[in-house]
Amino acid sequence: MTDTVNAMRTRYRNLAVEWGEARDDPPTANRLFDDLHKLYKDMRTSGEGREAITGLLDDPIMAVRLAAATHSLGWEPERAVNVLEEIQQEGNLHAVTAKWTLRSYRNGKLDLDW
């Protein structure tokens, strides 16, 4: 992994952690989520970037796994769906997000190009 991609992976993970921690502060959480999504769009353009995101599917922080699974649906769908299904069983706010992400994905309505 190049230094640039490694730095992007670190930033991606940090943003996902901060996003998860900010869930009780919607304006901050929304800003962090937007920053994370912009970074995802940059990273998905290269194989190394996609691998860096997929490498976070086993992260110990649920918010990181949730973001990585959602963003990996386009190139690692089976593994990403498994992670989202695991998160969905947790019974918390991330579980609700995982549920609706899976529902949108399975219905062909998940848009990650915004």
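Here are a few things to note about the model shown:
- Legend: ranking of residues Ile53, Ile87, Ile61 from fewest to most surrounding C-beta atoms inside 10 Å; resulting order Ile61, Ile87, Ile53.
- Cα-projected label distance for Val96 with Glu51, points at 7 Å along beta-carbon direction, nm: 3.8 nm
- Amide N proximity, segment 51-89 versus Val17 label position 7 Å along Cα-to-Cβ, cut-off under 20 Å: 52-71
- Between the alpha-carbon centres of segment 74-102 and segment 24-40 there is a gap of 19 Å.
- Measuring how big the chain is from its alpha-carbon positions, Rg and Dmax come out at 13.1, 38 Å.
- Sequence of Arg50, Arg11 once ranked by neighbouring C-beta atoms within 10 Å, starting from the fewest: Arg11, Arg50
- Ordering of 72-79, 102-109 by burial proxy (mean other Cβ atoms within 10 Å per residue, highest first): 72-79, 102-109
Readers should treat all values here as calculations from the given coordinates under stated rules, not as data from a laboratory. As the structure is a computational prediction, the values presented were derived from the model and not from experiment. No Cβ is skipped: glycine too gets one built from the backbone with ideal geometry, and neighbour counts run over all protein chains shown.
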